[in-house]
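The values are calculated or read from the model by the stated rules, or taken from the named source; none is laboratory data. What you see is a predicted model; the values in this text were computed from it and never measured. Here the Cβ is made from the backbone with ideal geometry for all residues, glycine too, and neighbour counts use every protein chain on show. For the accessible areas, the whole protein counts, side chains as well, though only heavy atoms, and no ligand, DNA or RNA atoms are used. Shrake-Rupley method; radii C 1.70, N 1.55, O 1.52, S 1.80 Å.
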Amino acid sequence: MDGNGRWATRRFLPRLAGHKKGLDALRRCVRLCMERGVAVLTVFAFSSENWGRPQDEVSGLMALMATALTREVPELAREGVRLHFVGERESLPAKVQTGLAQAEVATAANDRLVLNICFNYGGRWDMAQAAARVAAAGQALTEENINAAMALAHVPDPDLIIRTGGELRLSNFLLWQAAYAELLFSDRLWPDFDAADLDAAIAEFARRERRFGQTSAQVSAQAASE
Ligand code: IPE
Ligand code: MG
């Protein structure tokens, strides 16, 4: 969800105003995904590297998370959203840690849409913590064991990864899980990402041929036999 800061700066607003608009865009995106039958939505809200931003922006983002938890969770719970927070939690403010845990409990019985919010998350962090857990359990460091220990083991690998804001990089998002994801880079700043953008992304995804290492002929033959 990139581009909040630029959205605000272009309007001569403080960056935090952009993050607030970004939260509105996320709320809208969650509803749209439910309407379109998306089963899992995973968003990158705060990276392991975002701690390096100016102190007021970091504390503003933590405060925004705390208020969002209080304000949004009851509605999300009613709508059938199951929340998971993915990332390292110990370094977060105590209030946020409690809020995350409570939100997960409050939505644990839901299954309409799984919403993973990556917060204090990094793809490298996830790979390292998974490997450490596998090793600590005395298991072999196989792909299967590492996969099962990843913080996103409860959902399949993503089919489509959308990065807004015009940058052409993954910035430590879903490094392990992105192996065969379709990548889509949009110039739209995240606060502006709307229904038309989501539908365009889904339409673009539908045009991609997914081969998972196989040939185009193999993929066509499989599709024809189904
Ligand atoms: C993404 O927007 C949101 C977070 C990283 C919290 P940015 O804050 O990176 O927005 P730009 O890239 O400065 O426009
Ligand atoms: Mg950015």
Determine, yes or no, whether GLU167 is surrounded by fewer than 15 Cβ atoms within 10 Å (Cβ to Cβ), out of contact with any Gly (no Cβ under 6 Å at 6 or more places or on another chain) and over 22 Å from VAL86 (Cα atoms).
yes
Spans of helices (runs of 4 or more DSSP H) in region 8-116 with at least 2 residues more than 25 Å from ASP192 (Cα to Cα) and modelled with pLDDT of 95 or more
55-79, 94-106
Within region 187-219, of all residues that are open to solvent by less than 60 Å² (accessible area, probe 1.4 Å) and within 30 Å of ALA128 (Cα to Cα), the one nearest to ligand 2 (Cβ to nearest atom) is TRP190
Of all residues being more than 9 Å from ligand 1 (Cβ to nearest atom) and within 15 Å of the chain's Cα centre (by Cα) in region 1-27, which is least open to solvent (accessible area, probe 1.4 Å)? Just the residue, please.
ALA25
Scan region 141-157 and tell me whether some residue there is surrounded by 15 or more Cβ atoms within 10 Å (Cβ to Cβ) and part of a strand (DSSP E or B).
no
Index of the failed condition, ILE162 passing every other in (1) within 17 Å of VAL43 (Cα to Cα); (2) of a type outside the set (Gly, Ala, Ser); (3) assigned to a loop (DSSP other than H, G, I, E, B); (4) open to solvent by 50 Å² or more (accessible area, probe 1.4 Å):
(3)
Please enumerate the residues belonging to region 12-68 that are within 14 Å of ligand 2 (Cβ to nearest atom) and hydroxyl-bearing (Ser, Thr, Tyr).
SER47
Say we look at region 107-117 and pick out the residues that are open to solvent by less than 60 Å² (accessible area, probe 1.4 Å) and touching a helix residue (DSSP H, G or I) at 6+ places or on another chain (Cβ under 9 Å); which of these is farthest from ARG78 (Cα to Cα)?
ILE117
